[in-house]
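Data first, discussion second: the structure below is written as structure tokens.
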Amino acid sequence: MSAQLISGNSLAATIREQIASRAAELTALGHQPGLAVVLVGEDPASQVYVRNKVAACQKAGFKSDMHRLPADSTQATLLALIEQLNNDTTIHGILVQLPLPAHMDSHAVIEAIAADKDVDGFHVSNAGLLMTGKPLFRPCTPYGVMKMLELTGVPLRGAEAVVIGASNIVGKPQAMMLLQEGATVTLCNSKTRDLKAHCQRADILVVAVGRPNMITGDMIKPGAVIIDVGINRLPDGTLCGDVDFESASQVAGWITPVPGGVGPMTITMLLQNTIEAVERTIANH
Ligand code: NAP
């Protein structure tokens with residue numbers, strides 16, 4: 001391997017220490033950060049994600065409220081809970097774990113969360129603020145990627161950045177954040193012609209598709225920074241990313257592993273967004 005590793009585990013640990021000490025200061029001032037996590041149904045993966053988020057909050061000294069609703073709850077019940085949390089002054093952030101059961105309208109549910117408590121950054125007003133260069137909450141995964149690039153010292157101004165995958169939660173906000181830092185951004189999707197040619201131009205390549213090992217070493221510019229957002233479970237139960245780590249790490253300058261790369265940064269930025277929400281609440285009073 002010639003590439004240097006960007007360890008999400010180690011960067012996340014450092015940032016979480018800083019967040020925990022800021023949380024302690026805010027608590028001493030009477031503003032303990034509060035995050036409410038809402039889970040509807042029994043989806044096993046969602047249960048693991050939610051458990052990890054709640055545990056991270058507690059470790060950082062946050063108040064963390066977990067709300068579980070049965071899978072057959074009505075949307076009205078969920079909206080009433082969100083309304084109650086919107087009005088709860090001890091709660092600074094509200095996260096509704098997705099996906100929701102099929103009978104619920106995810107868009108309507110996300111829009112019901114007060115935009116200034118939308119720590120996932122999925123509300124259309126937060127998407128719009130990011131788009132217009134005045135972000136309030138940034139979606140946690142691409143925000144975590146930006147933090148990794150910053151802490152690794154990767155120059156963004158004028159860099160060729162290629163983002164593969166254009167979802168609302170990762171690829172699109174990622175492209176906006178890179179653009180805002182002065183990168184020249186290409187955003188690829190499933191219809192992109194000659195993906196390899198785009199990848200080979202990239203100084204920074206962010207891959208968020210959900211296809212195991214689709215980006216191989218021959219597709220990468222020597223010395224490039226490779227950020228692998230993908231999380232895929234192989235038939236043997238192991239996890240892998242969208243980038244073929246073995247071949248890519250022979251060519252790249254920097255690379256993130258899976259697991260232990262972007263994943264731990266995502267939860268860290270959820271904590272960061274909650275701290276930012278508290279700071280704004282204090283500033284506005
Ligand atoms: P998604 O909503 O399914 O979007 C996938 C995107 O990839 C779409 O824009 C799709 O294009 C594009 N795509 C599909 N096949 C492609 C191909 N052959 N070439 C180029 N683009 C292609 O997925 P997501 O929610 O963004 O998640 C992507 C991956 O990141 C998943 O593995 C997910 O588990 C992982 N993830 C990780 C974290 C973390 O914390 N590390 C957080 C979120 C997601 P179209 O738009 O044309 O359909």
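The values are calculated or read from the model by the stated rules, or taken from the named source; none is laboratory data. Every value quoted in this text rests on a predicted model; they were computed, and no experiment measured them. Neighbour counts are summed over all protein chains in view; Cβ atoms, including those assigned to glycine, are modelled from backbone coordinates with ideal geometry.
Listed here are the residues, each with its yes/no results for (1) surrounded by 12 or more Cβ atoms within 10 Å (Cβ to Cβ); (2) closer than 16 Å to Gly263 by Cβ; (3) not hydrophobic (A, V, I, L, M, F, W, C).
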position: Arg22; (1), (2), (3): yes, no, yes
position: Ala28; (1), (2), (3): no, no, no
position: Leu35; (1), (2), (3): yes, no, no
position: Val40; (1), (2), (3): yes, no, no
position: Tyr49; (1), (2), (3): yes, yes, yes
position: Ala55; (1), (2), (3): yes, yes, no
position: Leu79; (1), (2), (3): yes, no, no
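Please work out which residue is nearest to the ligand (Cβ to nearest atom), limiting yourself to the stretch 160-181 and to residues that are of a type in the set (Val, Ile, Thr) and under 18 Å from Pro135 (Cα atoms).
So the residue we want is Val170.
Considering only residues that are under 21 Å from His92 (Cβ atoms), out of contact with any Ser or Thr (no Cβ under 7 Å at 6 or more places or on another chain) and among the aliphatic types (A, V, I, L, M), which ones fall in the stretch 45-70?
Result: Val50, Ala55, Ala56, Ala60, Met66.
From Gly133, Gly182, Gly153, grab the single residue that is without any contact (Cβ under 8 Å) to a residue 12 or more places away in the chain and at positive phi.
On the way: Gly133 fails: without any contact (Cβ under 8 Å) to a residue 12 or more places away in the chain; Gly182 fails: without any contact (Cβ under 8 Å) to a residue 12 or more places away in the chain.
Gly153 is the lone residue from the list that is without any contact (Cβ under 8 Å) to a residue 12 or more places away in the chain and at positive phi.
Assess whether Val262 counts as being at pLDDT 95 or above, surrounded by 15 or more Cβ atoms within 10 Å (Cβ to Cβ) and within 26 Å of Ala60 (Cα to Cα).
Values: at pLDDT 95 or above: yes; surrounded by 15 or more Cβ atoms within 10 Å (Cβ to Cβ): yes; within 26 Å of Ala60 (Cα to Cα): yes.
Spelling it out, Val262 is indeed at pLDDT 95 or above, surrounded by 15 or more Cβ atoms within 10 Å (Cβ to Cβ) and within 26 Å of Ala60 (Cα to Cα).
Val162 fails exactly one of the following numbered conditions: (1) outside any strand (DSSP E or B); (2) touching a Cys at 6+ places or on another chain (Cβ under 7 Å). What is the number of that condition?
(1)
Do you know which of the residues in the stretch 182-208 that are assigned to a loop (DSSP other than H, G, I, E, B) and surrounded by 17 or more Cβ atoms within 10 Å (Cβ to Cβ) is nearest to the ligand (Cβ to nearest atom)? I'd like the intermediate steps shown before the answer.
Quick first cut of the stretch 182-208, residues assigned to a loop (DSSP other than H, G, I, E, B) only: 182-183, 189-194, 202-203, 208.
Remaining after also requiring surrounded by 17 or more Cβ atoms within 10 Å (Cβ to Cβ): 183, 202-203, 208.
Values: Ala183: 19, Ala202: 13, Asp203: 19, Ala208: 4 Å.
Within the stretch 182-208, the match that is nearest to the ligand (Cβ to nearest atom) is Ala208.
Taking the conditions exactly as written (touching a Pro at 6+ places or on another chain (Cβ under 7 Å) and assigned to a loop (DSSP other than H, G, I, E, B)), does Gly121 satisfy them or not?
For Gly121, the condition - touching a Pro at 6+ places or on another chain (Cβ under 7 Å) and assigned to a loop (DSSP other than H, G, I, E, B) - is met.
Consider Leu136 carefully, then state whether it is more than 11 Å from the ligand (Cβ to nearest atom), touching a Leu at 6+ places or on another chain (Cβ under 8 Å), at pLDDT 95 or above and closer than 28 Å to Leu79 by Cβ. Walk me through it before giving the result.
Values: more than 11 Å from the ligand (Cβ to nearest atom): yes; touching a Leu at 6+ places or on another chain (Cβ under 8 Å): yes; at pLDDT 95 or above: yes; closer than 28 Å to Leu79 by Cβ: yes.
Spelling it out, Leu136 is indeed more than 11 Å from the ligand (Cβ to nearest atom), touching a Leu at 6+ places or on another chain (Cβ under 8 Å), at pLDDT 95 or above and closer than 28 Å to Leu79 by Cβ.
Where residues in the stretch 165-181 are assigned to a helix (DSSP H, G or I) and touching a strand residue (DSSP E or B) at 6+ places or on another chain (Cβ under 9 Å), which of them is farthest from Met148 (Cα to Cα)? Step through it out loud before you land on a result.
So the first thing to find is which residues in the stretch 165-181 are assigned to a helix (DSSP H, G or I), and the list is 171-180.
Those left that are additionally touching a strand residue (DSSP E or B) at 6+ places or on another chain (Cβ under 9 Å): 171-172, 174-176, 178-179.
Values: Gly171: 16, Lys172: 18, Gln174: 13, Ala175: 15, Met176: 16, Leu178: 12, Leu179: 16 Å.
Checked the stretch 165-181; the qualifying residue farthest from Met148 (Cα to Cα) is Lys172.
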